[in-house]
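The block underneath contains the structure these notes are about, expressed in structure tokens.
Where a number appears in this text, it was derived from the coordinates with a stated rule and is not lab data. For clarity, every value in this text was computed on a predicted model and none was experimentally measured. Cβ coordinates were reconstructed from backbone atoms using ideal geometry, including for glycine residues, and neighbour counts include every protein chain displayed.
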Amino acid sequence: LEQRAVLRRKFSSQEESQTLLNNLENEEKAFFTLVNETIDAHIADPGLTSSVLAEKIFMSRSQLNRRIKNLTGDDTSHYIRNRRMVLACKLLTTTTLPIGAIETQCGFDTVGYFSRTFRSTYNMSPTEYRKSMLAEKDN
């Protein structure tokens, strides 16, 4: 049970999820690899929901939710949103694309919803995040 709790905490921070994939059992590793690859392949689609993801990996929505919740502590939709936020951060720091283009590539319908979600996740707007990261690179 302790190991599961540690996995939940670590998978909830997306940056460490790749490292943890190496420590999982083969079945869990294969499952998360499939989930992450499927999400990444369809991340620009605003219609990517837990139901759609479950269909694409040939699993019931409730079974998918149960397995992801078991390992990460988050439900599937939150896990998908976190993957989108990680991509947004990467694009904000590595490209000069406008916020609207990044929002579209991350699968959000509107810039307003993207900005609200980004702010609730990182406590700053995408523009503020980009400026802070550029300032850190300059130092």
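General observations
- If only the Cβ of Lys and Arg carry +1 and only the Cβ of Asp and Glu carry -1, the dipole of the stretch 47-99 around its Cα centre is close to 80 debye.
- Reachable lysines, given that their alpha-carbon falls under 22 Å from the alpha-carbon of K90 and they are not under 8 places away in the same chain: K10, K131, K137
- If you plug the beta carbon distance of M133 and D75 into 1/(1 + (r/R0)^6) with R0 = 35 Å, you get a FRET efficiency near 0.75.
- Projecting the Cα atoms of L97, N70, V86 onto the dipole axis of the stretch 70-130, where Lys and Arg carry +1 and Asp and Glu carry -1 at the beta carbon, places L97 farthest toward the positive end.
- Candidate cross-link partners of K56 among the lysines, defined by an alpha-carbon separation under 18 Å and a same-chain spacing of 8 or more, comprise K29.
- A convex hull fitted around the alpha carbon atoms of the stretch 94-139 yields 68 Å³ per residue.
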